[in-house]
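Q: To start, I am sharing the structure in question, which I have written as structure tokens.
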Amino acid sequence: MGNANETIFDKILAGAIPCHRVYEDDRVLAFLDVNPISFGHTLVIPKERAAYLHELSDESSAAIGRVLPRICRAVLQASGAKAYNLLQNNGSSAHQAVFHVHFHIIPRLADSGLGMEWTPTRLVPEIAAELLEKMRAALSALP
Ligand code: 5GP
């Protein structure tokens, strides 16, 4: 943690680059995406500098979790959307362009919203068992 490089979001947090500020508290900032893919597209970021979600402190994670549904309600009311997606990219191969944790709130409207490719397969019991063993070991090794 704490090794992330400075990004454009640090400049927004510092007020050096303007943004359309939707919400702010001690740990969280929400603002409109400068290139919205639908009306109301909003970004929610921690003030803590961390590139990826799995690097974020419990304190910042909790602060975001506390206000995210509230900001979603505001986005729904303002955009008139009835549906929306939350998108949170980690890694350039997962379409992350700004390496500071951020959640996209993307209203789904008749003609715009998040496009998605989703190719389900079937979970194989042996693979599930192997995964569970590894994931539980990883979780129990965490502080
Ligand atoms: P990512 O692909 O990293 O998940 O998305 C980064 C998002 O940040 C993009 O949707 C992009 O439009 C937005 N963004 C990048 N630079 C700025 C900026 O300077 N201001 C605002 N408001 N949004 C930005």
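The values are calculated or read from the model by the stated rules, or taken from the named source; none is laboratory data. Since we're looking at a predicted model, the values are computed, not measured. Ideal geometry is used to build each Cβ from the backbone, glycine not excepted, and the neighbour counts take in all protein chains shown. In case anyone asks, the SASA skips ligands and DNA or RNA and just uses the protein heavy atoms, side chains included. Shrake-Rupley method; radii C 1.70, N 1.55, O 1.52, S 1.80 Å.
Q: Amide H to amide H under 5 Å from LEU29: which residues, 5+ apart in sequence or cross-chain, H placed 1.01 Å off N in plane?
A: Residues meeting the amide H criterion: ILE45, LYS47.
Q: Place a +1 charge on the Cβ of each Lys and Arg in the chain and a -1 charge on the Cβ of each Asp and Glu, then give the dipole magnitude about the Cα centre in debye, rounded to the nearest 20. Provide the component values of the computation, followed by the final result.
A: Numbers: 13 positive and 15 negative charges, 84 e Å.
In debye, rounded to 20, the chain gives about 400.
Q: I need the peptides 101-107, 112-118 ranked by packing, meaning the mean over residues of other C-beta atoms within 10 angstrom, with the highest value on top.
A: Highest mean packing first, the order is 101-107, 112-118.
Q: Now for a separate question. Can you divide the C-alpha Rg of the chain by 2.2 N^0.38 Å and report the result to two decimal places?
A: Details: Rg = 17.2 Å, N = 143, 2.2 N^0.38 = 14.5 Å.
Relative to the rule-of-thumb radius for its length, the chain sits at 1.18.
Q: With n ≥ 4 as the cut-off for DSSP H runs, can you work out [θ] at 222 nm for the chain, using -39500 (n - 2.57) per run divided by the number of residues, rounded to the nearest 500?
A: Numbers: 3 runs with 46 residues, N = 143.
After summing the helix terms and dividing by the residues of the chain, the value is -10500 deg cm²/dmol.
Q: Something else: Which of the aspartates and glutamates could a cross-linker span from LYS47 if the Cα-Cα distance has to be under 20 Å and same-chain partners fewer than 8 positions apart are dropped?
A: GLU6, ASP10, GLU24, ASP25, ASP26, ASP33, GLU55, ASP58, GLU59
Q: Here is a follow-up. If you fit an axis through the alpha-carbon atoms of helix 58-79 and take the longest principal axis of the Cα set of the chain, what angle between them do you get, 0 to 90°, nearest 10?
A: Once rounded, the angle reads 50 degrees.
Q: Still on this model: Pop out the carbon and sulfur fraction of the accessible area of the range 13-138 as a percent, whole number, probe 1.4 Å.
A: Working: 4670 of 8110 Å².
Carbon and sulfur atoms account for 58 percent of the accessible area of the range 13-138.
Q: A follow-up question, please. Quote the convex hull volume per residue of the range 19-64, based on C-alpha atoms, as a whole number of Å³. Mind showing how you got there, number by number?
A: Details: hull volume 4.0 nm³, N = 46.
Per residue, the Cα convex hull of the range 19-64 comes to 87 Å³.
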